[in-house]
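Have a look at the structure below before the remarks.
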Amino acid sequence: MLDVRSERLARRFRLWDTDGNGHVDRSDFEAEGRRIIAAFGEDERSPRGRAVLDAYLTMWDYLAAKAGVPPEGSLNAKQFDRIAQTEIILMGNTGFSTVLRPTISATLDLCDVDGDGQVNPAEFKCWVEAIGVTKPHAEEAFDQIDADHDGQLSIDELAQAVRDYHAGLLDVPLLGR
Ligand SMILES: [Ca+2]
Ligand SMILES: [Ca+2]
Ligand SMILES: [Ca+2]
């Protein structure tokens with residue numbers, strides 16, 4: 001399990017180190033937010049687009065503060081690994097999860113066509129296609145994430161899925177890969 005976790009955090013580091021310079025900083029998070037907005041075909045100046053960008057920047061500010069670096073500072077792979085391990089995997093429903101939720105919620109809004117605040121199978125298909133997950137995986141993942149089996153993915157179920165992914169319990173990276 002630990003290997004899967006480290007491997008996923010390493011992948012997450014490469015993903016968030018958008019410009020590949022070996023450090024994660026605010027501009028990397030901004031670029032990743034922009035990439036997600038574009039992948040969903042949203043305008044980054046629209047309210048939905050702004051919400052995604054704000055959520056990514058807020059995540060960065062939180063992680064930087066927790067790591068003890070200023071907002072304009074940066075984290076190397078080792079620092080990032082340590083802070084992500086603590087804040088994502090070990091924190092449960094508190095801490096980083098509180099900051100992670102707006103990001104998930106803003107991403108949810110990008111594909112919530114019927115506007116009910118939940119993700120149905122068709123909307124989930126749009127979500128996973130935008131982040132580049134293959135179809136058989138998507139259908140399997142929907143059932144896995146839909147913990148109460150009501151045919152809809154709630155924000156709670158999605159937040160749990162992001163943690164499960166980082167803990168190596170789920171194979172679909174909902175926030176991109
Ligand atoms: Ca970077
Ligand atoms: Ca919906
Ligand atoms: Ca559900």
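The values are calculated or read from the model by the stated rules, or taken from the named source; none is laboratory data. In this text the structure is predicted, and so the values were computed from the model without any measurement. Cβ atoms come from the backbone with ideal geometry, glycine included; neighbour counts cover every protein chain shown. With ligands, DNA and RNA removed, areas are computed over all heavy atoms of the protein, side chains included. Shrake-Rupley method; radii C 1.70, N 1.55, O 1.52, S 1.80 Å.
Things worth noting here:
- Once the 1.4 Å probe is applied to the protein heavy atoms, the stretch 2-167 comes out at 48 Å² accessible per residue.
- Three-way shape label, the stretch 94-177, alpha-carbon gyration tensor, a/c 1.5: rounded
- Relative to the longest principal axis of the Cα atoms of the chain, the long axis of helix 135-145 lies at roughly 90 degrees.
- Using a Förster distance of 22 Å, the FRET efficiency for Ala138-Ser46 (Cβ separation, nearest 0.05): 0.30
- If the convex hull is drawn through the Cα atoms of the chain, its volume per residue in Å³: 108 Å³
- Counted charge near Phe29, where neighbours are those whose Cβ lies closer than 15 Å (Asp, Glu -1; Lys, Arg +1): -4
- Residue-averaged 222 nm ellipticity for the chain, from DSSP H runs of 4+ at -39500 (n - 2.57), nearest 500: -19500 deg cm²/dmol
- Exposure rank, largest accessible area first [Val52, Val113; 1.4 Å]: Val113, Val52
- Taking amide H atoms as placed 1.01 Å from N in the peptide plane, the amide H of Asn120 lies under 5 Å from those of Leu153, each 5 or more residues away in sequence or on another chain.
- Hz values of 3J(HN,Hα) by residue in the stretch 116-131 - Karplus curve (6.51, -1.76, 1.60), Gly and Pro given as x: 8, x, 10, 10, 8, x, 5, 5, 5, 4, 4, 4, 5, 5, 5, 8
- Interchain or long-range residues, amide H under 5 Å from Leu175's placed H: none
- Karplus-derived 3J(HN,Hα), 6.51/-1.76/1.60, for each residue of the stretch 149-161, Hz, glycine and proline x: 6, 9, x, 9, 9, 8, 4, 4, 5, 5, 5, 4, 5
- The share of accessible area on the chain that comes from carbon and sulfur is 51 percent, using a 1.4 angstrom probe.
- Rg and Dmax over the alpha-carbon atoms of the stretch 4-96 stand at 13.3, 37 Å.
- Extension gain from Glu30 to Ala122, taking 0.36 nm per residue of separation minus the Cα-Cα distance: 30.3 nm
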